[in-house]
Amino acid sequence: MQISTENAAFSTSDPDLIESTVRSSREIWISGESKYPCLTILTSGEKACVNYFGRQESDMWLSQSESTQSEVFIAGGEQWQSPADAVISIDEALQCVREFCGTLTRPACIKWQYGV
């Protein structure tokens, strides 16, 4: 998998390294050998927001939850306030990462809303 964070970019197939990177980074991009599909994870403590990009254009999905409180994340070095219904737990985000790394498709372990 190709991993890119705010501080580093590397290739790995080690699931433990991927998980520790997600837990220690604020913005993570994960893809296979090609740029797309990719999964992006924004984290803030125990909260996360996940985006899935199936292709460069038009196939964009955002995590969906029952949350009623938005969260401020760092995306591209800038603060971004998520929609409240996009905030999921870091554990749910890690489930998405594990599934994506195994299939390179949009994870089915959470609900999604179309668009970003």
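Every number here is computed from the coordinates shown, using simple stated rules; none is lab data. Predicted model only: the values in this text are computed from it and were never measured. So basically every Cβ, Gly included, is an ideal-geometry build from the backbone, and we count neighbours across all protein chains shown.
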Can you check what the net charge comes to around W80, using other residues whose Cβ is under 14 Å from the Cβ of W80 (Lys, Arg +1; Asp, Glu -1)? -2
Only one of the values [x] 2, 8, 7, 8, 7, 7, 7, 6, 5, 5, 5, 5, 4, 4, 3, 3, 3, 3, 3, 3, 2, 1, 0; [y] 2, 10, 18, 19, 17, 12, 9, 6, 4, 2, 0, 0; [z] 2, 13, 25, 27, 22, 10, 2, 0 was calculated from this structure for P(r) over Cα pairs in 5 Å bins from 0, in percent; name its label. [z]
Which listed residue (G54, A8, W80) has the Cα farthest towards the positive end of the charge dipole for the chain, taking +1 on Lys and Arg C-beta and -1 on Asp and Glu C-beta about the Cα centre? G54
Taking the number of other C-beta atoms within 10 Å as the exposure measure, put E66, E6 in order starting with the fewest. E66, E6
